[in-house]
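Data block below; observations after.
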Amino acid sequence: MCGIVGMISTHSVTRSTVERLATLEYRGYDSYGVAVPADETFAVTKSVGSVSRALAVGAFDQVPDATLALAHTRWATTGAVTDDNSHPHLSFDGRVAIVHNGVITNHAQIRRELEADGITFASDTDSEIAAHLIACQLRDGHDVPTAIGLATNALEGEYALAVLTLDDPHAVYGAKHKSPLVLCHDGQQGVLASDQMALGEIDADLLFLDDGDIVRLTVDTAQVVTAGPDGTPIPVERSYTRLDERTQTVEKGDYPHWMIKEIHETPAAARTAATMRDEQFTGVLDPHADRSVTLVGSGSAYYVSHLGQYFLAQLAGVRAIALPSDEAEPLALLKPGDSLIAVSQSGETFDTLEICRAAVATGAVVTSISNTPNSTQERLSSHVIRQGSGPEICVLSTKSIISQIVLLARLALETGRANGHLDQQRYRDHRGSLDRLPETLRAHIGTAAGAIQELATKYSHVSDWFFLGRGALFPAACESALKFKEVSYRHAEGAAAGFFKHGTISLIDADFYTVALLPERSSDPDRHAATMAAVSEIGARGGPVIGIGPTDIHPDERRAFTEYLPLPYHGDDPADIVLQLVTGQLLAYYCALDLGREIDQPRSLAKSVTVR
């Protein structure tokens, strides 16, 4: 979480620093701030709220012009959302300014020690201690790299730090441990950031810092050291990366929100994934090895991984287990040569990176599925599958997860063909369904959006929801419930339709609504019948049910639903699940729209979760 930008140039960078920061607002938008040198200290402008809104109303117009600056947009971890807790933070003597991403786990102990030495804190954050620690070391006569090294040696947890100090007024410093920092310089300016998106138009190779690195960034150079046990800087060589895919600049156009624009871009994302070369997937999994596969992800990426578990079992005959990244460590039990598939939109999800690091340490083979080229996840992986979905700005992931689902279906199909689990006819049928999916999606979004909006408006007042499904529609139901609660702030739970009667059904009454995801009867009669049995049990207890499923539902079954949304099913699990998920995205969007929610930046969320 949190966005960091530090800039230095031969000309004023005040405005540019803040504008670059606004491109990182998806990483956190609880508060914002910028610091520039001024009159033997730092001028700091910071407040709660959105940096893009602050830019629009001229909140930074009075910030002095300066050739170096530090800026931050926050997702609160330690300390409430207040002006005082906003970054940047200054040291007790006003000579050091810092911004921080991550969680310093021993901050309370260090705070007590600093307060015992007479230092007064201005915030409740864990971050402020870094400014004071660095200033104490500078006061004791150390140079800046040594001071930062001694300070970071005292920190436990995760951090990306960007630092300005009056002791070296012609440089921006950075230090990192498990939170990303990247930089570039082109001879006229240098930029240090928590995300390559902030580097924008600068045509220069990038340097991704390693854990333990401390960098001194000037206009035209970057000197990297690591800190020895006594803080002494030890020079190291780091390789620069030439990006083969530059971050695209995107506009919202005539769409009222990024979310609805990106839902409309799901057909293009599906097409990119469906038409990727077969060679991208062959060799990822050994088709003849009798090994289970572990898939990991967080949030929506976990539900995508859960779907991948079904695809690999059904289409490739591969034993697979999907684990939420934050709980994977005690359960993955990876051995040398085992396969781990990591799914993450940003490629910087902290918990996912932790299990990737553990997998690499054991000799497992890591495959990355991500929408961000050159991410930390990619750099940890042996195999890389790039989504190519284009930038996704809304905090809620829509087109990105659709791409991930198609990619996992492709992986299962190519593995199933290679190991003989699929004959040629079944393989061609599934591939044909995925090839037709983008056009089906485009037509469905265009024709069904009105009916979905009408339904959402009619029921947006409902406070409690269940989303039910069986088989692969179970994780699809969980993902639809997640989208719904993220953006509408209504209580919504995804549940397995078979498990539902084992306790959960006690919550059903006339005010508790259920959305039932139905498979096509002809392709899966048992699962269809079992789902309808759950619908009947809910109806018997007075619970309203909204059905989403095939167009050819029997009239007797149709009467079991309060409302019913028909989908243009393919009779193919991966393609039909995508149709279900896009329908769920539209339902969540239009419900939030009717409720007047903050759609692109829902409260308490951030898109790239880089803390534990």
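Would you confirm, using the coordinates I've provided, whether residue 421 is over 27 Å from residue 347 (Cβ atoms) and buried (at least 23 other Cβ atoms within 10 Å of the Cβ)?
Working: over 27 Å from residue 347 (Cβ atoms): yes; buried (at least 23 other Cβ atoms within 10 Å of the Cβ): no.
So residue 421 fails the test.
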It is to be established whether one or more residues within the stretch 230-245 are free of Cβ contacts under 8 Å to residues at least 12 places away in the same chain, over 26 Å from the mean Cα position of the chain (by Cα), under 23 Å from residue 160 (Cα atoms) and assigned to a strand (DSSP E or B).
yes
Pick out the one residue from 435, 526 that is within 20 Å of residue 312 (Cα to Cα) and open to solvent by 50 Å² or more (accessible area, probe 1.4 Å).
435
Select, from 125, 73, the only residue that is within 27 Å of residue 351 (Cα to Cα), modelled with pLDDT under 95 and either of a type in the set (Val, Ile, Thr) or surrounded by fewer than 21 Cβ atoms within 10 Å (Cβ to Cβ) (or both).
73
Within the stretch 294-315, can one find any residue that is without any contact (Cβ under 8 Å) to a residue 60 or more places away in the chain, of a type in the set (A, V, I, L, M, F, W, C), surrounded by fewer than 20 Cβ atoms within 10 Å (Cβ to Cβ) and assigned to a helix (DSSP H, G or I)?
yes
Checking residue 460 against (1) under 28 Å from the mean Cα position of the chain (by Cα); (2) small (Gly, Ala, Ser); (3) within 26 Å of residue 536 (Cβ to Cβ), which test does it fail?
(3)
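Which of the strands (runs of 3 or more DSSP E) contained wholly in the stretch 30-149 include at least 2 residues that are of a type in the set (Val, Ile, Thr), in contact with a strand residue (DSSP E or B) (Cβ under 6 Å, 6 or more places away or on another chain) and touching a residue at least 24 places away in the same chain (Cβ under 8 Å)?
Values: elements: 31-38, 41-48, 68-74, 96-104.
Answer list for the stretch 30-149: 31-38, 41-48, 96-104.
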Which pairs have Cβ atoms under 6 Å, sit 6 or more apart or on different chains, and link a residue in the stretch 202-229 that is more than 13 Å from residue 174 (Cβ to Cβ) and part of a strand (DSSP E or B) to one that is open to solvent by less than 30 Å² (accessible area, probe 1.4 Å) and of a type in the set (Lys, Arg)?
none
Considering only the stretch 2-12, I want to know if a residue exists there that is part of a loop (DSSP other than H, G, I, E, B), open to solvent by 30 Å² or more (accessible area, probe 1.4 Å) and β-branched (Val, Ile, Thr).
yes
Give me a count of the residues in the stretch 390-442 that are over 18 Å from residue 282 (Cβ atoms), among the small types (Gly, Ala, Ser) and modelled with pLDDT of 95 or more.
5
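For the structure I just gave you, tell me whether residue 454 is of a type in the set (D, E, K, R) and touching a Leu at 6+ places or on another chain (Cβ under 6 Å).
On the way: of a type in the set (D, E, K, R): yes; touching a Leu at 6+ places or on another chain (Cβ under 6 Å): no.
Considered against the rule, which asks whether it is of a type in the set (D, E, K, R) and touching a Leu at 6+ places or on another chain (Cβ under 6 Å), residue 454 comes out as no.
If you check 342, 273, which single one turns out to be buried (at least 23 other Cβ atoms within 10 Å of the Cβ), within 17 Å of residue 405 (Cα to Cα), in contact (Cβ under 8 Å) with a residue 60 or more places away in the chain and of a type outside the set (Val, Ile, Thr)? Walk me through it before giving the result.
Working: 342 fails: in contact (Cβ under 8 Å) with a residue 60 or more places away in the chain.
The unique qualifying residue is 273.
Per-residue answers, yes or no, for (1) open to solvent by 10 Å² or more (accessible area, probe 1.4 Å); (2) at negative phi; (3) touching a Ser or Thr at 6+ places or on another chain (Cβ under 8 Å); (4) among the charged types (D, E, K, R):
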site: 171; (1), (2), (3), (4): no, yes, yes, no
site: 177; (1), (2), (3), (4): yes, yes, yes, no
site: 184; (1), (2), (3), (4): no, yes, no, no
site: 196; (1), (2), (3), (4): yes, yes, yes, no
site: 200; (1), (2), (3), (4): yes, no, yes, no
site: 205; (1), (2), (3), (4): yes, yes, yes, yes
site: 215; (1), (2), (3), (4): no, yes, no, no
site: 218; (1), (2), (3), (4): yes, yes, no, no
site: 243; (1), (2), (3), (4): yes, yes, no, no
Scan of the stretch 155-181 for residues that are at pLDDT below 95 and touching a helix residue (DSSP H, G or I) at 6+ places or on another chain (Cβ under 6 Å), ordered by number:
180
Go through the residues of the stretch 586-601 one by one and say whether even a single one is under 28 Å from residue 24 (Cβ atoms), open to solvent by 10 Å² or more (accessible area, probe 1.4 Å), charged (D, E, K, R) and without any contact (Cβ under 8 Å) to a residue 24 or more places away in the chain.
yes
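Of 98, 202, 148, which residue is under 29 Å from the mean Cα position of the chain (by Cα) and closer than 22 Å to residue 220 by Cβ?
Details: 98 fails: closer than 22 Å to residue 220 by Cβ; 148 fails: under 29 Å from the mean Cα position of the chain (by Cα).
Just a single option satisfies the conditions, and that option is 202.
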If I go through the stretch 53-77 residue by residue, how many of them are over 28 Å from residue 171 (Cβ atoms), under 29 Å from the mean Cα position of the chain (by Cα) and not aliphatic (A, V, I, L, M)?
1
Which condition number does residue 372 fail, the rest of (1) within 22 Å of the chain's Cα centre (by Cα); (2) modelled with pLDDT of 95 or more; (3) not in a strand (DSSP E or B) being met?
(2)
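Let's see how each residue does on (1) of a type in the set (Ser, Thr, Tyr); (2) open to solvent by less than 30 Å² (accessible area, probe 1.4 Å); (3) in contact with an Asp or Glu (Cβ under 6 Å, 6 or more places away or on another chain); (4) within 19 Å of residue 79 (Cβ to Cβ):
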site	(1), (2), (3), (4)
133	no, yes, no, yes
139	no, no, no, no
144	no, yes, yes, no
148	no, yes, no, no
152	yes, yes, no, no
155	no, yes, no, yes
161	no, yes, no, yes
166	no, no, no, no
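Select, from 496, 412, 481, the only residue that is among the hydrophobic types (A, V, I, L, M, F, W, C) and surrounded by fewer than 24 Cβ atoms within 10 Å (Cβ to Cβ).
Just a single option satisfies the conditions, and that option is 496.
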Output for the stretch 13-37, where each listed residue is open to solvent by 10 Å² or more (accessible area, probe 1.4 Å) and aliphatic (A, V, I, L, M)
22
When (1) buried (at least 23 other Cβ atoms within 10 Å of the Cβ); (2) of a type in the set (Val, Ile, Thr); (3) touching a strand residue (DSSP E or B) at 6+ places or on another chain (Cβ under 7 Å) are applied to residue 360, the one that fails is (1)
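The values are calculated or read from the model by the stated rules, or taken from the named source; none is laboratory data. All figures in this text were calculated on a predicted structure; none of them were measured in a lab. Reconstructed Cβ throughout: ideal geometry from the backbone, glycine too, with neighbour counts over all protein chains shown. Note: accessible area is taken over every heavy atom of the protein model, side chains too, but ligands, DNA and RNA are not part of it. Shrake-Rupley method; radii C 1.70, N 1.55, O 1.52, S 1.80 Å.
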